[in-house]
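The structure appears below as structure tokens.
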Amino acid sequence: MARDRFVPDFDPDCGDSAVTSARHDIVIGRWQGLRELLRATGPDWAARGHRVRLLAQACADSSAVETWLAAEPHNADALVLRAATETVRAFTLAIAAGRGVPIDQHRVDTAVVACLRAAEALPQDPTPWVSLVSVARLYPSGVRGQELARWWDELHRRDPYSVEGHLQVLHYYSARWHGTHGIMYDFARDAAGAAPPGCALPVLVQYARVEEYRYALDAAGGRQTVVRLGRHWDNAGAVSDVRRTWQRWLADRADLGAPAEPSELRDLNYLAHAACLAGTEEFAGALLRMLGRRATRTPWSYTGDPQQQLVKWHKELGLGV
């Protein structure tokens, strides 16, 4: 019997149907779905961070979160979502302005104030601190080291193994922003080394490798054919990194065949991308089977057409759907 043709599903909500439903509420101007979803998510910080990040992207072009706050000005979940939404809006302005062009500092300050207000409203929640560390990148010279360290300490104290929190610090320390490749890789490897077995933090090394590639891509004006990084994806270090991340994060998972959680889908795509390009077929095949049809456009979009690459690797590895 012939196999079905593999077609990846780039669902922006990563299969999180509750977020999809809330996104529909945003479109029709109904904020109650946002309140219900965040209340139901509770203190599952990974799921909460994932949902707040996606909802903020959906709210950035609407007045949904402002309408919610007008109705419930002291609702802590609304304040947390507004902080993330203001962060997305600030980054949208920065992207439109272009790399190296500063945006109105008032917009960055507005996001920072929103983050601090949310952190005060919900002291146990790491999510506002994730937003705060993220928006710190948008100051032309970054923030003072002591200030960044304080924000990071607040985040780390609430959720020491937050992948999203670590990822925002990694971006800050990258050469594209306020650091160097060396500082970025050191941070990623230190975090990976301190992570307990089964924690996803080792995948930060794969994020760092993509960041280094993006830096070169920016320098080449976005022309992938001009980027010259030698064996960036399949040198001995890159291959070793894939093996190490697999061993520390996934090797002891009881059921590798179980569907991935929406909150870890992007991380799994980063490791799958690295495993495919490193030529580590045993890990690449296992990861693509875990993902099934579900996929995120990044990081595949940095090395070509995402769908074409995923179809190619499924075919080369002889995977069914």
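The values are calculated or read from the model by the stated rules, or taken from the named source; none is laboratory data. If you're wondering where the values come from, they're calculated on a predicted model, not measured in any experiment. Positions of Cβ are generated from backbone atoms using ideal geometry, with glycine treated the same way; all protein chains shown enter the neighbour counts. SASA here: full protein model, heavy atoms, side chains in, ligands and nucleic acids out. Shrake-Rupley method; radii C 1.70, N 1.55, O 1.52, S 1.80 Å.
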Quick check on my filter: what residues within the range 229-239 are open to solvent by 40 Å² or more (accessible area, probe 1.4 Å) and not charged (D, E, K, R)? L229, G230, W233, N235, A236
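Can you find a residue in the range 196-218 that is over 19 Å from the mean Cα position of the chain (by Cα) and acidic (D, E)? Show your work before the answer.
Applying the first criterion (over 19 Å from the mean Cα position of the chain (by Cα)) to the range 196-218 yields 196-197, 216-218.
Narrowing further to those that are acidic (D, E): 218.
Yes, that holds for at least one residue.
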Given the options A22, A47, A83, A94, name the one that is at pLDDT below 95, assigned to a helix (DSSP H, G or I), surrounded by 15 or more Cβ atoms within 10 Å (Cβ to Cβ) and of a type in the set (A, V, I, L, M). A94
Would you check which residues across the range 249-271 are within 27 Å of V52 (Cβ to Cβ) and over 15 Å from the mean Cα position of the chain (by Cα) and list them? W249, L250, R253, A258, P259, A260
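Yes or no: the range 221-228 includes at least one residue that is exposed (fewer than 13 other Cβ atoms within 10 Å of the Cβ), aliphatic (A, V, I, L, M) and in a loop (DSSP other than H, G, I, E, B). Don't jump to the end; show me each part of the working.
Going residue by residue through the range 221-228, those that are exposed (fewer than 13 other Cβ atoms within 10 Å of the Cβ) are 221-226, 228.
Filter once more, so that each one left must be aliphatic (A, V, I, L, M): 226.
Okay, now just the ones that are also in a loop (DSSP other than H, G, I, E, B), so none.
So far as the range 221-228 goes, no, none of its residues is exposed (fewer than 13 other Cβ atoms within 10 Å of the Cβ), aliphatic (A, V, I, L, M) and in a loop (DSSP other than H, G, I, E, B).
Being among the β-branched types (V, I, T) and more than 21 Å from the chain's Cα centre (by Cα), is that true of even one residue in the range 116-132?
First pass over the range 116-132, keeping only residues among the β-branched types (V, I, T): 127, 130.
So of that shortlist, the ones also more than 21 Å from the chain's Cα centre (by Cα) come out as none.
No, there is no match, as no residue in the range 116-132 is among the β-branched types (V, I, T) and more than 21 Å from the chain's Cα centre (by Cα).
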Please go through the range 141-164 and give me each residue that is within 17 Å of the chain's Cα centre (by Cα) and touching a residue at least 60 places away in the same chain (Cβ under 8 Å), ordered by number. D159, S162, V163, E164
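How do the helices (runs of 4 or more DSSP H) wholly within the range 143-219 filter down when requiring 1 or more residues that are open to solvent by less than 60 Å² (accessible area, probe 1.4 Å) and under 19 Å from A251 (Cα atoms): which remain?
Numbers: elements: 145-158, 163-173, 181-194, 204-219.
Answer list for the range 143-219: 163-173, 181-194, 204-219.
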Considering only residues that are of a type in the set (D, E) and either touching a residue at least 24 places away in the same chain (Cβ under 8 Å) or surrounded by 22 or more Cβ atoms within 10 Å (Cβ to Cβ) (or both), which ones fall in the range 270-301? E281
